[in-house]
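Written below as structure tokens is the structure these notes are about.
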Amino acid sequence: LVNFSIFSHIIRHRYDVVIVSGYIGITYILAIIAAKLSGAKLLFKGESTLRNKKDGLFKSIYLKLFFKFFNVLFYSCNGNLKFLNTYSKSSKKRYAPCTVDNEFYRNGFNKKKPLRNKIRQRLGIKENEIVLLSVGKLYKRKRPLDILKAVNNIKKSKFCILLLGNGQQREEIIEFSLKNNIKTILPGHKSSNDVIDYFSIADVYLQLSDYDPSPKSLNEAMNFSLPVIVSTIVGTCNDLVFNGINGFKVPVGNINSISKFIKKLELKSVRKTMGKKSLDIVSKFSIDKHVSSMERTIKNL
């Protein structure tokens with residue numbers, strides 16, 4: 001966030017284009033000044049979305065001034081576009097979709113499919129149990145306890161909750177699980193290669209955060225043909241999730257709605273149909289499309 005050498009680096013190399021990926025930090029300010037002095041074109045490519053609460057006056061003034069310096073502003077999803085439109089009237093906004101390496105996860109899924117039962121057995125998951133997966137730090141902002149509370153409203157014996165990640169709520173989650181007799185597995189943080197095992201044995205994916213601009217784990221989950229339940233504050237929810245088609249959108253913290261949609265996904269046939277739609281939808285959000293959008297924009301500059 002504070003890297004003074006970026007200024008001399010940009011001046012010395014005289015780049016044609018400088019891409020800035022954030023707005024908090026002296027490094028970004030120095031990069032903008034150096035780019036302007038050296039004649040480089042400036043592109044902004046961040047993924048922020050609007051929060052539930054209003055921004056302060058200083059932040060609002062700062063962002064409106066900050067975005068004036070850019071030749072092009074990239075947005076990755078509808079939520080990101082709303083954020084940029086709030087602070088910039090520029091017509092030079094271009095779409096570069098939120099993506100993960102779809103091919104990597106699909107290849108991994110195909111390799112793990114024959115091992116599904118073996119992996120589940122290793123984790124102590126019964127064949128008839130429905131696995132509800134969420135990936136992310138176990139922080140309040142990610143709201144992992146909402147999944148447990150939702151399951152606590154319905155017949156718990158059918159479900160196994162699988163939470164990948166570490167964080168401050170781990171002990172609280174364990175305590176709630178034991179108190180309410182909810183089967184919960186907490187494997188901790190896992191690498192991209194290891195996470196494929198867990199995605200491949202899941203039945204439903206949930207992303208219930210109260211602020212999450214562009215969670216890549218949502219894209220990843222959809223590459224495993226999983227139906228999804230997401231909060232409406234998730235930045236990519238309107239791009240990737242369609243109610244009743246490949247999943248459901250819920251207001252943040254609405255436990256009754258989460259319970260209702262989990263119950264709808266108890267039927268294997270429903271999960272299969274919605275999961276196939278998830279795979280179709282995420283196919284349109286590829287790295288190739290992201291790259292080609294950026295290439296086109298830079299060539300036009």
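The values are calculated or read from the model by the stated rules, or taken from the named source; none is laboratory data. Nothing here was measured: the structure is a model prediction, and the numbers come from that model. Neighbour counts are summed over all protein chains in view; Cβ atoms, including those assigned to glycine, are modelled from backbone coordinates with ideal geometry. Heavy atoms of the whole protein, side chains included, go into the accessibility calculation; ligands, DNA and RNA do not. Shrake-Rupley method; radii C 1.70, N 1.55, O 1.52, S 1.80 Å.
Looking at the range 132-151, is at least one residue modelled with pLDDT of 95 or more, under 13 Å from Ile201 (Cβ atoms) and charged (D, E, K, R)?
no
Taking only the range 153-164 into account, find how many residues are open to solvent by 50 Å² or more (accessible area, probe 1.4 Å) and free of Cβ contacts under 8 Å to residues at least 40 places away in the same chain.
Final tally of qualifying residues: 3.
From the list Ser38, Ser60, Ser48, which one is touching a residue at least 60 places away in the same chain (Cβ under 8 Å), at negative phi and either out of contact with any Gly (no Cβ under 7 Å at 6 or more places or on another chain) or not hydrophobic (A, V, I, L, M, F, W, C) (or both)?
Ser48
Can you name the helices (runs of 4 or more DSSP H) wholly within the range 185-301 that have at least 3 residues being open to solvent by 10 Å² or more (accessible area, probe 1.4 Å)?
In the range 185-301, 192-201, 216-222, 255-264, 268-282, 287-300 are the helices (runs of 4 or more DSSP H) which contain 3 or more residues that are open to solvent by 10 Å² or more (accessible area, probe 1.4 Å).
Would you check which residues across the range 207-247 are over 10 Å from Ser278 (Cα atoms) and over 13 Å from the mean Cα position of the chain (by Cα) and list them?
Listed by number, the residues that qualify are Asn243, Gly244.
Conditions (1) closer than 24 Å to Ile233 by Cβ; (2) in contact with a Phe, Trp or Tyr (Cβ under 7 Å, 6 or more places away or on another chain), marked per residue:
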residue	(1), (2)
Tyr75	yes, yes
Asn85	yes, no
Arg94	no, yes
Thr99	yes, yes
Lys113	no, no
Ile119	no, no
Glu129	no, yes
Lys140	yes, no
Arg143	yes, no
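Give, as residue ranges, the strands (runs of 3 or more DSSP E) completely inside the range 27-109 that count at least 3 residues that are open to solvent by 20 Å² or more (accessible area, probe 1.4 Å).
The qualifying strands (runs of 3 or more DSSP E) are 93-95.
State yes or no: is Glu129 farther than 19 Å from Gln207 by Cα, open to solvent by 10 Å² or more (accessible area, probe 1.4 Å) and without any contact (Cβ under 8 Å) to a residue 12 or more places away in the chain?
Judged against the criteria, Glu129 is not a match.
Within the range 216-224, is there a residue that is in contact (Cβ under 8 Å) with a residue 40 or more places away in the chain, of a type in the set (Asp, Glu) and touching a Gly at 6+ places or on another chain (Cβ under 7 Å)?
No, the conditions are met nowhere in the range 216-224.
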